[in-house]
1. Given a cut-off of under 8 Å on Cα pairs at least six residues apart, what relative contact order in percent is computed for the chain?
2. Along its principal axes, what span do the Cα atoms of the chain show, with the longest given first and each in whole Å?
3. Taking the Cα centre of the chain as origin, sum charge times position over the Cβ atoms of Lys and Arg (+1) and Asp and Glu (-1), and report the length of that vector in debye to the nearest 20.
4. May I ask for the net charge around A83, where only other residues with Cβ less than 14 Å from the Cβ of A83 are counted and Lys, Arg are +1 while Asp, Glu are -1?
5. Just the accessible area per residue of the chain, please: how many Å² with a 1.4 Å probe?
6. Cut-off 10 angstrom, C-alpha nodes, Gaussian network model of the chain. Which of G65, G29, G46 fluctuates the most?
7. In region 14-106, if the dipole is taken from +1 on Lys/Arg beta carbons and -1 on Asp/Glu beta carbons about the Cα centre, which of A40, N75, N51 is farthest to the positive end?
8. Build a GNM of the chain with springs between Cα atoms under 10 Å: which of G73, G87, G49 gets the top mean-square fluctuation?
Amino acid sequence: MDQNHLDEIIRRSLEIREKYHQLEIQQNGKEWTLEQDALAYLTDAGLLGRNIMSHEKTWTKSNSGEELEHKLGENIWWLMILADRTGIDIKDALGKFLTKTENILK
């Protein structure tokens, strides 16, 4: 994936989050806090785990293949949102992680 494509994915992710903020204001009178976003991410991470278990046939769940794909994408989306809300450049964070881990495993 080239840099421009990742930038476009991040831009689209932030636009979607802004639309959710508008729904939150309509429903609750205010946007979710960073902590609420983090809890929503953790909930989706747990659901991802259940779909992985279903994929591996250790948890019975119908429609898990389609939901697994959705939850994988959604978890990546949440990480982009959390990075943005904490002022962390997700591209830099990922690059640093990869370099550090590659060096550890040399």
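1. On the way: 49 pairs, mean separation 24.9, N = 106.
For the chain, the relative contact order is 23 percent.
2. If we take the Cα atoms of the chain, the spans are 51, 38, 25 Å.
3. Values: 14 positive and 19 negative charges, 65 e Å.
With Lys and Arg at +1 and Asp and Glu at -1, about 320 debye.
4. Numbers: positive: R11, R17, R85, K91, K96; negative: D7, D37, D84, D89, D92.
Residues near A83 contribute 0 overall.
5. On the way: 7940 Å² over 106 residues.
Accessible surface, normalised per residue, equals 75 Å².
6. For the chain, modelled as a Gaussian network with Cα springs under 10 Å, the answer is G29.
7. It is N51.
8. Per the Cα network of the chain with a 10 Å cutoff, G87 tops the list.
The values are calculated or read from the model by the stated rules, or taken from the named source; none is laboratory data. None of the values given here were measured: they were computed from a predicted structure. Quick reminder, even Gly has a Cβ in these numbers, built from the backbone with ideal geometry, and neighbours come from all protein chains shown. Only protein heavy atoms, including side chains, enter the accessible area calculation; ligands, DNA and RNA are left aside. Shrake-Rupley method; radii C 1.70, N 1.55, O 1.52, S 1.80 Å.
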